[in-house]
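I have placed the structure first, in the form of structure tokens, so that the comments after it can refer back to it.
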Amino acid sequence: MESSPRHILGLRPLGNTGLKLSCVGFGASPLGNVFGLVSEHDAIASVRHAFNRGINFFDTSPYYGGTLSEKMLGKALKTLEAPRDKYIVSTKCGRYVEGFDFSAERVTKSIDESLARLQLDYVDILQCHDIEFGSLDQIVNETIPALQKLKEAGKIRFIGITGLPLDVFSYVLDRVPPGAVDVILSYCHYSINDSTLEDFLPYLKSKGVGVISASPLAMGLLTESGPPDWHPASPELKAACQAAATYCKEKGKNISKLAMEYSLSNKDISSVLVGMNSVRQVEANVAAAMEIATFGKDRESLSKVEAILAPVKNQTWPSGIQQS
Ligand code: NAD
């Protein structure tokens, strides 16, 4: 029998939503085999372990593994046999393996497909996925109004937008009515090698939106095993992260743990969304959160790693289409 979740992880409020997210969130893209093959057994075990360690926030997308991630997450959540209000699920719309489509018609159909795969009656957050690949004016004038109708229909509770460049968020937030967008999900901008989200946080706070920061391990750059082949970073950035990981290993430290601690230290970020594919990774990331809550950051190791990464600090990569 499933034991009840022990809320040992800190919960943080998400903007004005009233939701309280675990500071470590479960990124389910690995369950779509995005970072290599994951068995159904490991996928389910990871989600169950996460929930039992106090992780209450799970993020997926129809894009991850061409719907596989949503299906696996749905199966795993079902095995919890937990009341629906004990976990928070976000999925996305507008990005599919077939391509991008942020039309009202597509996103309205998309949520029904996602709910069926997730085996849920509603999702807590529906996010427009990687809006820099669409027309931002369409997001403002068509997609978000369509999502508001889904909110009224009870299929989603809150609306979000995601993307890599930070300026796409302000483009949309400055043009929609206050409260129309509840959440933004930024990725790869609050980790040791790139912390550009930090300067953007006061603006986001002024807009009343909740902030989710994804990819604290920079999509695998800040791991001992390194990033997947498709990683878009420059060879220079990859090499610097590899050097930082090697330095940590030689000192008996773990680069991923240090990276988690770094990302978790800013309380204006509601949840640090990390992709996990094994019980071991869940345990390591929960342990990193517990350690920072108890002892604070490992400042000495961090400053050494920051020095190694200084030449590539805040280096990113192009994403999206040129907006007119
Ligand atoms: P990440 O930085 O979280 O890195 C994930 C990789 O690190 C995976 O290979 C994972 O197995 C590995 N890993 C996790 N914990 C580890 C540990 N303790 N030690 C060693 N390796 C470890 O990158 P991500 O998965 O891309 O981002 C997290 C989640 O955020 C995604 O799963 C997704 O849900 C979300 N996300 C959304 C967007 C978007 O909306 N555009 C973009 C990126 C990520």
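The values are calculated or read from the model by the stated rules, or taken from the named source; none is laboratory data. A quick note: this is a predicted structure, and the numbers were derived from the prediction, not measured. Cβ: placed from backbone, ideal geometry, glycine included. Neighbour counts: every protein chain shown. Accessible surface areas use protein heavy atoms only, side chains included; no ligands, DNA or RNA. Shrake-Rupley method; radii C 1.70, N 1.55, O 1.52, S 1.80 Å.
Some points to look at:
- Taken over the alpha carbons of the chain as equal point scatterers, the Debye sum produces base-10 log I(q)/I(0) values at 0.06, 0.08, 0.10 Å⁻¹ of -0.18, -0.33, -0.53.
- Percentage, to the nearest whole number, of Cα pairs in segment 212-262 over 12 Å apart: 61
- Long pairs among K20/K297; K155/K238; K75/K297; K205/K251, criterion Cα-Cα beyond 30 Å: K155/K238; K75/K297; K205/K251
- Bins of 5 Å from zero: percent of alpha-carbon pairs in segment 241-324: 3, 12, 20, 21, 20, 13, 6, 3, 2, 1
- Compactness index (Cα Rg / 2.2 N^0.38 Å), segment 76-124: 1.29
- Computed from phi, the 3J(HN,Hα) profile of segment 78-83 under the Karplus parametrisation 6.51, -1.76, 1.60 (θ = phi - 60°) reads 4, 5, 5, 6, 9, x Hz, with x in place of Gly and Pro.
- Unit charges at the beta carbon, dipole of segment 1-127: most positive-side option, T17, A43, P62: T17
- Taking the DSSP beta bridges with both ends in the chain, the antiparallel portion is around 15 percent.
- Principal axis extents of the C-alpha atoms in segment 279-324 (largest first, rounded to whole Å): 48, 29, 18.
- Charged side chains reduced to their Cβ positions (Lys and Arg at +1, Asp and Glu at -1) give segment 231-287 a dipole of some 160 debye around its Cα centre.
- Under the criterion of Cα pairs below 8 Å and six or more residues apart, the relative contact order for segment 1-71 equals 39 percent.
- Comparing S263, L147, L222 along the charge dipole axis of the chain, the residue lying farthest to the positive side is S263, per the Cβ-charge model.
- Relative contact order [Cα under 8 Å, 6+ residues apart], the chain, whole percent: 20
- Hydrodynamic radius (Kirkwood) for segment 1-151, which is based on Cα pairs only, to one decimal in Å: 15.9
- Across segment 103-226, the fraction of Cα-Cα pairs farther apart than 24 Å, rounded to a whole number, is 31%.
- Over all projection directions, the Cα-based convex hull of segment 186-287 averages an area of 6.9 nm².
- Loop-located trypsin sites (Lys or Arg not before Pro) in segment 195-295 whose Cβ has at most 14 other Cβ within 10 Å (DSSP): K251, K267
- With the largest listed first and rounded to whole Å, the semi-axes of the equivalent ellipsoid of segment 90-172 from the Cα gyration tensor are 20, 13, 11.
- Candidates per GluC sites (Glu not before Pro) in segment 78-158, loop by DSSP, up to 11 other Cβ within 10 Å: E81, E98
- The dipole here belongs to the chain: it is taken about the Cα centre, uses +1 on the Cβ of Lys and Arg and -1 on the Cβ of Asp and Glu, and is about 760 debye.
- Taken along the Cα-to-beta-carbon direction at a fixed 7 Å, the label points for E98 and S234 span 3.8 nm.
- In sequence order, calculated HN-Hα J values of segment 254-269 (Karplus, 6.51, -1.76, 1.60; Hz; x Gly/Pro): 10, 4, 5, 5, 4, 5, 4, 4, 4, 5, 6, 6, 9, 6, 6, 8
- Accessible-area ranking of I156, I308, largest first, probe 1.4 Å: I308, I156
- Computed over protein heavy atoms with a 1.4 Å probe, the carbon and sulfur contribution to the accessible area of the chain reaches 52%.
- Solvent-accessible surface of the chain, averaged per residue with a 1.4 angstrom probe and all protein chains in place: 42 square angstrom.
- Taking only the C-alpha atoms of segment 134-200, Rg followed by Dmax gives 13.1, 42 Å.
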